[in-house]
Amino acid sequence: MEEKILRKLIIKPFSINEVRYGNRFSIKDNILELVPEKIEELKSAQDLIVDIKLDIIKPGDYNKEINTIMDIIPISTKVLGKIGEGITHTLTGVYVMLTGVDEDGRQMHEFGSSEGILSEQLKFGRRGTPSTSDYIIHMDVTIRGGLPFDRTLPNACFRACDDFIQEIRNTLKTIDGRQADSSYEYLDKSRPGKKKVVLVKQIAGQGAMYDNLVFPEEPSGFEGGTSIIDMCNMPMILSPNEYRDGILRALV
């Protein structure tokens, strides 16, 4: 029997050479513009958040003090279809870095923190981390102090950051795919009569910052995702393209 194509995923990258502030969220001529005033809206939207600072870190400008790194997040969005199929637009040359602390100075971490000088706390050029030629959009969230440390605190940080990234995603959705730097096609195939291969990935699901989300609305997103803790750490079967497209979000 002939092989059968089950799903097709097309990922189109758009390179960013500069990140700066502007009057609206915009992606044009390889320049990403952000609206800093959006931060005030994010702060007022959640009672747990006391302050949010936004900073654009240029390539090589890493000699700065940061709170613990909660996540490094790529910027991707679905243009057609759901995660694992259809068309995804993604930005290269830029990542989002989320850091967090509460008013009492407690770092938003579990099983070890990473506050300190950025150049000493982040390994550049690894899978999932920026290279030294990438811009970093740094969002630092301060949570109300005096509260028990549970998932609601870091999740408030993740949600605010995801709402900010969604503004960029909404702009990324509108770009003509023909302007992409390239286009990569990935096929999930069924090969009758061939050996069936399953890769097993063990993920964490046991604490406030030791959690994973699956099935978010956007690639590597937060909104709509389900905590692996809330799913009682049950095994899940994902297609190769779902995994490739960012259906799993690690909150560590």
Kindly indicate the residue of region 73-91 that is surrounded by fewer than 17 Cβ atoms within 10 Å (Cβ to Cβ) and either of a type outside the set (A, V, I, L, M) or under 20 Å from R106 (Cα atoms) (or both) and also nearest to the chain's Cα centre (by Cα) among those meeting that condition. P74
Exactly one of these conditions fails for F222: (1) within 20 Å of E85 (Cβ to Cβ); (2) assigned to a loop (DSSP other than H, G, I, E, B); (3) in contact with a Lys or Arg (Cβ under 7 Å, 6 or more places away or on another chain). Give me its number. (1)
How do the pairs read when you match residues in region 214-230 that are crowded, with 16+ Cβ neighbours inside 10 Å with residues anywhere that are modelled with pLDDT of 95 or more and part of a strand (DSSP E or B), using Cβ under 7 Å and keeping only pairs 6 or more apart or on different chains? E218/T77; E218/K78; P219/S76; P219/T77; P219/K78; P219/T88; S220/I73; S220/S76
Being crowded, with 18+ Cβ neighbours inside 10 Å, among the acidic types (D, E), in contact (Cβ under 8 Å) with a residue 12 or more places away in the chain and in a strand (DSSP E or B) narrows it down to one of D188, D162, D211, so name that one. D211
Those residues of region 86-107 that are farther than 19 Å from E167 by Cβ, touching an Asp or Glu at 6+ places or on another chain (Cβ under 8 Å) and either aliphatic (A, V, I, L, M) or not in a strand (DSSP E or B) (or both) come to a total of 1
Can you give me the number of residues within region 215-252 that are basic (K, R) and either over 11 Å from the mean Cα position of the chain (by Cα) or modelled with pLDDT under 90 (or both)? 1
Name, by its number, the condition in (1) closer than 30 Å to E2 by Cα; (2) touching a helix residue (DSSP H, G or I) at 6+ places or on another chain (Cβ under 7 Å) that does not hold for S183. (2)
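The values are calculated or read from the model by the stated rules, or taken from the named source; none is laboratory data. What you see is a predicted model, and the numbers here were worked out from it, not measured in a lab. As a convention, Cβ positions derive from the backbone with ideal geometry for all residues, glycine included, and neighbour counts pool all protein chains shown.
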